[in-house]
Amino acid sequence: MNKSSKAAGVAWLVTALYYFYQYTLRSAPAVMMPQLSEAFGLSAMGVASLAGLFYWGYSPFSLVAGVLMDRVGPRRVVPLGAAVVGVWALLFASGQGELASLGRLLQGAGGVFALIGAVYIATKSFPASMAATLIGATQMFGMAGGSAGQFVVGPVIASGVPWRRFWVAMGVAGLVIGALLYALIPKAENADGGS
């Protein structure tokens, strides 16, 4: 394996970890419904609606992410997506309803760059014979993150960790992941917009 293949492999792995991370955040509100209901003064249905705003950002930005990836390459957009998730996780921790709603919406918008970025790296940096394996492995990271959002975060919150502390820690993690991605994703050689 040459140096550029190793670099691409590490970039793909960290992008897949970013998918794990954003999927954890996507599912985590389900295990802190009473805490969020009390903090925001919402019913269970209101908290579910708040949590569901993630998908209002995720869905339309799926198209945006694909276009940006093709135009400017993953190094310019994938780290930014992770940083957006991190920043808005921090603002979700504020406990202010409007910021939390916007935070969930933009966590979805930033989170979409994880799967699309990992798939882009897998298909552009590796032989076609490896693409399905890497894409499947990426999906595994996401599903593991969704599971962690339930089966790891639930006991953490039940043990007394305040929900705000969880979101602050996850916000910082998003910023760290964004910085790592920027350092590790190679510059695009032939993206239309150049890098």
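The values are calculated or read from the model by the stated rules, or taken from the named source; none is laboratory data. None of the values given here were measured: they were computed from a predicted structure. Backbone-built Cβ (ideal geometry, glycine too); neighbour counts: all protein chains shown. Accessible surface areas use protein heavy atoms only, side chains included; no ligands, DNA or RNA. Shrake-Rupley method; radii C 1.70, N 1.55, O 1.52, S 1.80 Å.
So, of the residues in segment 19-54 that are open to solvent by less than 10 Å² (accessible area, probe 1.4 Å) and aliphatic (A, V, I, L, M), which turns out to be nearest to residue 85 (Cα to Cα)?
Out of the qualifying residues, it is 25.
Just need a number here: residues in segment 132-161 that are open to solvent by less than 60 Å² (accessible area, probe 1.4 Å) and either on the phi > 0 side of the Ramachandran plot or not aromatic (Phe, Trp, Tyr) (or both). It would help to see each step written out before you state the result.
So the first thing to find is which residues in segment 132-161 are open to solvent by less than 60 Å² (accessible area, probe 1.4 Å), and the list is 134-138, 141-142, 144-149, 153-154, 156-157, 160-161.
Now narrow it down to the ones that are either on the phi > 0 side of the Ramachandran plot or not aromatic (Phe, Trp, Tyr) (or both): 134-138, 142, 144-149, 153-154, 156-157, 160-161.
Total meeting the criteria: 18.
This table checks each residue for (1) more than 15 Å from residue 27 (Cα to Cα); (2) buried (at least 22 other Cβ atoms within 10 Å of the Cβ); (3) among the β-branched types (Val, Ile, Thr); (4) modelled with pLDDT under 95.
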{"position": "56", "(1), (2), (3), (4)": "no, no, no, no"}
{"position": "64", "(1), (2), (3), (4)": "yes, no, yes, yes"}
{"position": "73", "(1), (2), (3), (4)": "yes, yes, no, yes"}
{"position": "76", "(1), (2), (3), (4)": "yes, no, no, yes"}
{"position": "79", "(1), (2), (3), (4)": "yes, yes, no, no"}
{"position": "82", "(1), (2), (3), (4)": "yes, yes, no, no"}
{"position": "87", "(1), (2), (3), (4)": "yes, no, yes, no"}
{"position": "91", "(1), (2), (3), (4)": "yes, no, no, yes"}
{"position": "94", "(1), (2), (3), (4)": "yes, no, no, yes"}
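Among what's in segment 113-131 and is out of contact with any Pro (no Cβ under 9 Å at 6 or more places or on another chain) and open to solvent by 50 Å² or more (accessible area, probe 1.4 Å), pick the residue that is farthest from residue 187 (Cα to Cα).
For segment 113-131, the residue satisfying everything is 129.
Only helices (runs of 4 or more DSSP H) wholly contained in segment 24-105 count here; list those with 1 or more residues that are more than 25 Å from residue 140 (Cα to Cα) and small (Gly, Ala, Ser).
Values: elements: 33-40, 44-72, 74-92.
Per the criteria, 33-40, 44-72.
Taking only segment 117-140 into account, find how many residues are of a type in the set (Val, Ile, Thr) and in contact (Cβ under 8 Å) with a residue 24 or more places away in the chain.
Step one: of segment 117-140, the residues of a type in the set (Val, Ile, Thr) are 119, 121, 123, 133, 135, 138.
Of the ones still in play, those that are also in contact (Cβ under 8 Å) with a residue 24 or more places away in the chain are 121, 138.
So the count comes out to 2.
Residue 114 fails exactly one of the following numbered conditions: (1) in contact (Cβ under 8 Å) with a residue 24 or more places away in the chain; (2) over 11 Å from the mean Cα position of the chain (by Cα). What is the number of that condition?
Here residue 114 meets the rest and fails (2).
Applying the selection to segment 123-178, what residues are β-branched (Val, Ile, Thr) and not in a helix (DSSP H, G or I)? Give the derivation first.
Within segment 123-178, the subset β-branched (Val, Ile, Thr) is 123, 133, 135, 138, 152-153, 156-157, 161, 168, 172, 176-177.
Of everything in segment 123-178, those that are β-branched (Val, Ile, Thr) and not in a helix (DSSP H, G or I) turn out to be 152, 161.
Filtering segment 3-18 down to residues that are of a type outside the set (A, V, I, L, M, F, W, C) and open to solvent by 10 Å² or more (accessible area, probe 1.4 Å), which residue is nearest to the chain's Cα centre (by Cα)? Before the answer, list the steps.
Within segment 3-18, the subset of a type outside the set (A, V, I, L, M, F, W, C) is 3-6, 9, 15, 18.
With open to solvent by 10 Å² or more (accessible area, probe 1.4 Å) added as a condition, the list becomes 3-6, 9.
Details: 3: 27, 4: 25, 5: 24, 6: 23, 9: 19 Å.
Looking at the filtered set, the residue picked out is 9.
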